[in-house]
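Peer 1: Pasting a structure below so you can have a look.
The values are calculated or read from the model by the stated rules, or taken from the named source; none is laboratory data. Since we're looking at a predicted model, the values are computed, not measured. With ideal geometry, Cβ positions are generated from the backbone for all residues, glycine too; neighbour counts draw on all protein chains shown.
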Amino acid sequence: MPLRLLVTPSVIVSLLLASPPAHAEPAAAEAVSAEGEDPVTKDQSIDAYDDLEDAQPGTPGHVEERLWLTWGYVPAEGYTPSDTLELSYTGKGVLKNTEFDLAQYFEHDDVDNSTGILAGWMQRWVKDGGRHSLRPSIGTLAEYYLRTPYVITKPGYAPGASVGDHVELTLTVAKYFGPGSLYLNGSVQHQLFNSEICVTEDDVAIQPTDPAFPDKDGPGGVNWDGCDYWAPWTLTARLGYNLPLIPDKLNVIADFIVETNEFTTQQVSDTNPEPEAHYPYDMGEVALMWHINEHWTLSPGVLFGTNSTPPIGQNLAGLGHEETPQYEAGIFLLHE
């Protein structure tokens, strides 16, 4: 018989209270060793299963390892398991507010598979002045998404149907507010190499130049009808809050996301008189952040779509909103 571990609420609380604090409080508000994190970094860093950026670096001179494991469902794509492994390094001295990230990303769904190498540079330009100051933390995150060389040419990754290389810049403003911190993110993403994604009636990704592709506009030319095109620009806004439940031990983070669709709406043509519309996404996230000890953090979380129906007056039977994730759940693990 397999061994089973019964975890009750009382056991969870006992573990939280018994394990050593993730970060010992400094003697004074700004007292911090040359190699340690300052109080603002400790308070406002979000190491959790969500998309909220915090503008805070890690411990100077240290490497952090992060892992995301995800399982979700998008009506237009089916189940979407994914995983991301990331390494982060925070500099020392004049680079103590600079973090460099390198990640490997994989995603699978019923339409296409995606994989990419993500390189990022996070910089905190301004540090929060404290709870009695109006000065917030201000930071930027610049990222480059490179489709994994060689892998994306494999049949399972539907060449051309996976999102192409792109760059993204995120501006983060964070501020002590009430018992926790309030965050505002604004991101702009630019598609460097636009590609089209075309599917058969069975939602199998296929290129329009493939002889098996059903030609809607007749022989003699490449069929582009029914294909989706990646939008050259994608905009995202996030508003979130980080609330400590047990100081230095357990936090809850909630945020709301509005994002423009990564596809552009198809153009009306004689052979495609009613192209499918693509609407923005509205999503919410909730995550717990548990500092197990000074080296390990564990965070379960969920994401859910909030726009399940088309805008009022749009008689499109949900088209476009089927691209919004209905749900996504997973865990995040950090070692520092």
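Peer 1: Working carefully through the options V222, V268, find the one that is at pLDDT below 65 and surrounded by fewer than 15 Cβ atoms within 10 Å (Cβ to Cβ).
Peer 2: Values: V268 fails: at pLDDT below 65.
Testing whether each residue is at pLDDT below 65 and surrounded by fewer than 15 Cβ atoms within 10 Å (Cβ to Cβ) leaves just V222.
Peer 1: Considering only residues that are farther than 20 Å from T41 by Cα and among the acidic types (D, E), look in region 58-101 and name the one that is modelled with the lowest pLDDT.
Peer 2: So the first thing to find is which residues in region 58-101 are farther than 20 Å from T41 by Cα, and the list is 67-85.
Next cut, among the acidic types (D, E) only: 77, 83.
Details: E77: 77, D83: 94.
The qualifying residue modelled with the lowest pLDDT is E77.
Peer 1: Also, I was wondering about something else. Based on this model, can you work out whether T70 counts as of a type in the set (V, I, T), within 13 Å of the chain's Cα centre (by Cα) and at negative phi?
Peer 2: When the stated conditions are applied, T70 passes them.
The rows are residues; the columns are (1) surrounded by 19 or more Cβ atoms within 10 Å (Cβ to Cβ); (2) modelled with pLDDT of 95 or more; (3) on the phi > 0 side of the Ramachandran plot.
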{"site": "V126", "(1), (2), (3)": "no, yes, no"}
{"site": "S137", "(1), (2), (3)": "yes, yes, no"}
{"site": "P155", "(1), (2), (3)": "no, no, no"}
{"site": "S162", "(1), (2), (3)": "yes, no, no"}
{"site": "D203", "(1), (2), (3)": "no, no, yes"}
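Peer 1: Right, another one. What do you reckon, is F213 out of contact with any helix residue (DSSP H, G or I) (no Cβ under 9 Å at 6 or more places or on another chain) and at pLDDT below 65? Steps first, please.
Peer 2: Working: out of contact with any helix residue (DSSP H, G or I) (no Cβ under 9 Å at 6 or more places or on another chain): yes; at pLDDT below 65: yes.
So F213 passes the test.
Peer 1: If you don't mind, another one. Which of (1) at pLDDT 65 or above; (2) surrounded by 14 or more Cβ atoms within 10 Å (Cβ to Cβ) does N293 not meet, given it meets every other one?
Peer 2: For N293, the exception is condition (2).
Peer 1: Just wondering, is there one or more residues in region 307-318 that are modelled with pLDDT of 75 or more and on the phi < 0 side of the Ramachandran plot?
Peer 2: Within region 307-318, the first condition is being modelled with pLDDT of 75 or more, and the residues that meet it are none.
So far as region 307-318 goes, no, none of its residues is modelled with pLDDT of 75 or more and on the phi < 0 side of the Ramachandran plot.
Peer 1: Then there is this: Under the condition of being among the charged types (D, E, K, R) and within 22 Å of R147 (Cα to Cα), which residue from region 100-124 is surrounded by the most Cβ atoms within 10 Å (Cβ to Cβ)? Let's see the steps before the verdict.
Peer 2: At the first step, the residues of region 100-124 found to be among the charged types (D, E, K, R) are 101, 107, 109-110, 112, 124.
From what's left, within 22 Å of R147 (Cα to Cα): 101, 107, 109-110, 112.
Working: D101: 18, E107: 19, D109: 19, D110: 15, D112: 21.
Across region 100-124, the extreme among qualifying residues is D112.
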